[in-house]
Every structure is written in structure tokens, then in C-alpha cells.
Amino acid sequence: MRTDQLLTRLEPVFARLDREPERPAHLQTPQMSRHRVVLLASTLAFYLAIVVAVLMTSWLVRLDWQIMFFRPYEQWPQLHAFLDYLVVLGQRGPTAVMVAAWLGWRSWRQHTLRPLITLGVALLLLNVTVGAVKLGLGRLGPHYATQIGSAELFAGGDIFPSGHTANAVVTWGILAYLASTSVTRRVLSIVSAVVSLSVGATTVYLGTHWVSDVLLGWTAGILIMLALPWFEPLIARAEAYVFELREMLRRRLEEGRISEPVAAALTPLLSAGGKWQPRRATGTGAQAPAPAAAAATAAAAATAGHSPAPRPAAHPAARPHLIRSERTPVTPAGSRRPAHTERTAARGAAARPATGG
């Protein structure tokens, strides 16, 4: 697909974002209430308890080894093919694409960038928090364990907490967080919980994670969802900054302070449905006459019975630069193809007025 065709298709999307946000009257931005703060503190305490239990090689590590020796994938092999597909619901790439497509449609409908920016902030928090703990503790997975009964920490691994589980909680939970009604929010919360629980249990079945990995992944995802209202002011500022940046680009286009190739690419995105065009500056600093105005002047002169005075020939240095499609074809030097003299003669003959009867 050509660039100009892509920009033409994107123009209605950006034009729609010019309208005022059309959020439902009952839709309110989640606030950091006292109840949410208590839940956040309790979840954080549970998170730290799991980390301490693994560091101390407590009963939780023994449970990890017992389930590992049980080998669920050998006990129920008929589920293996189905669960191989189910675990994809916790992978970062596919889930982010699916949820971003839905939230992009929501942004287009409600004329606001908040859904997409909220998803970006949540995934950024997920990468930073979960990634830092993974690399810091360096735990090995069940398939790479070296010492029976050991917690397998600080060995260069990256599975504690479970990224699949935390990603399932955040990616699908963001749909419930941005729901338009309370009923929809409850339904999506249940769906998110079922999906995240299924993904976590599937990783244990496949033997790619310990039970404690999954517990910490669930807790990490819930922490991010509970803390997300603290970042609502940042999300609002980011949305305002995007629109301010677009307005600044519009002013630069109108003032002619952007080069023509860049202006041609940005105009469909910033024109808000084609209501304005950037002003083009001439060599003397004056605004070039519009083609429609020139045509109107020529028509008025013809009606008055006289033709407009011919313009003096422009200096060669002042001639405008023509694009490749507007240049006169010239036979390159050294070409074996002869010049088409008969075509030139034919065009010249057609241009001369016919004489005689």
C-alpha cells in the first residue's frame, strides 16, 4: 500500500479525534479510594510473603517440587494439545495486539486517546516491575532445575514471577478497568479472572513454571491494576500533550516552517477532514496565488474582450523544481534508442493552424 493511500485512510480517524470526548455520563475515571488502598497494601504484603517464603526455602518450595515430580502433563496427556493453545492468552505479543485493536476502536468511538494510553502505561509498569524481579532473583524453571529441594535462585533464570500469568491479569484486566458500565465491568472482571487463572494453571501443567511463580505472577498483576488510578493524572497529561503537539505542527504548517516533503506527509493527518491547507511561501516571501483565483482572473479578462498581458519569462534560477512525473522526457546521452523525430514533427504539425480550404 502506498504512503499517500495509507494517509488518506487515516485522515478520517484523526479528524474524528478532533471532536470533543463523548464519554458516557455515568462513566467515571477510577479513583484511588480508601478501599482500594487497603486492598493494595494487603496484596503487597502477600507479594512480599511469597518472595520471603521462596528465599527461605520454606514449605512453598517443597510444594513446588512435589507438583514438579507429579508431572501433570503426564497424568492428563489428552489436555496437552488444547492447553498449548490456551497458554497463548498470556503471551505479551498476541494479547497486546488483540486488546490494542479493541481499545483503538474504543478511542475512535469516544474521540479520546485515554484507552490506548492507559494500556501503554499498564504494560510499561508490567515490564518494569516484573522484569526487575525476574532478573534480580534469577530463578530457574522446573525443566532446568539442578538440585532437588532447592529454590533455584540467583542461577541466571528469569521465571519468577510468571510473566505469562502477570500479563494475563493486566492485559485482560485493563478491559474491565476501562469498562463503560458497572455491569460490563463486573462481567469483564470475571472473564479476566478466569483467563488469568487458566493461564497460570496451564504453565504449571506444562512444567514451565513452579506454583510459587504463578502465585507471584497473579499478585504482581493485581498490584498493577490496583495502583493504576495513581497514574490517571499522568495519562490525562499525556493525552493533552499529544493534542498540543498536533496543534503545534498545524501552526508550523500554516506558517510554512516545515519542508514541503514533510508537509505533504503531515497534511492528511493534521488537516481535520481537509478544512485547511498549509500556506506555501514564495521566493519573495509573498503567498503564491491559488490556481482557482488565477483561473477566475483569466475568465474575467476573456469576458471583458481582451486577453491578460503575458507574463515575463522567469529567470532560470527562479523556475520551480518539477517532480519526475512533470518533467519533459529527454533521451539520455549515449542511449542507443534514436530520438522520435516523427513524433515531434507530428505534434508540431498538429499544433499549427490549418491553412486553405
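The values are calculated or read from the model by the stated rules, or taken from the named source; none is laboratory data. Since the structure is predicted, the reported quantities are computational estimates derived from the model, not experimental observations. So basically every Cβ, Gly included, is an ideal-geometry build from the backbone, and we count neighbours across all protein chains shown. Side chains are part of the model used for accessible areas, which takes the heavy atoms of the whole protein and leaves out ligands, DNA and RNA. Shrake-Rupley method; radii C 1.70, N 1.55, O 1.52, S 1.80 Å.
Observations, loosely collected:
- Selection status of Gly131, of a type in the set (Gly, Ala, Ser), within 17 Å of Leu175 (Cβ to Cβ), open to solvent by less than 30 Å² (accessible area, probe 1.4 Å) and assigned to a helix (DSSP H, G or I): no
- Taken together, the residues in the range 143-202 that are in a helix (DSSP H, G or I) and of a type outside the set (Phe, Trp, Tyr) amount to 35.
- Test set (1) among the aliphatic types (A, V, I, L, M); (2) open to solvent by 70 Å² or more (accessible area, probe 1.4 Å); (3) closer than 21 Å to Leu215 by Cα - Leu79 fails condition number: (3)
- Which numbered condition Ile67 misses (of (1) open to solvent by less than 20 Å² (accessible area, probe 1.4 Å); (2) within 22 Å of Leu55 (Cα to Cα); (3) among the aliphatic types (A, V, I, L, M); (4) in a helix (DSSP H, G or I)): (1)
- Qualifying position, being open to solvent by less than 60 Å² (accessible area, probe 1.4 Å) and either under 25 Å from Tyr205 (Cα atoms) or not small (Gly, Ala, Ser) (or both), among Gln110, Gln147: Gln110
- Options Ile117, Ile174: the member that is under 20 Å from Gln31 (Cβ atoms), hydrophobic (A, V, I, L, M, F, W, C) and open to solvent by less than 20 Å² (accessible area, probe 1.4 Å): Ile174
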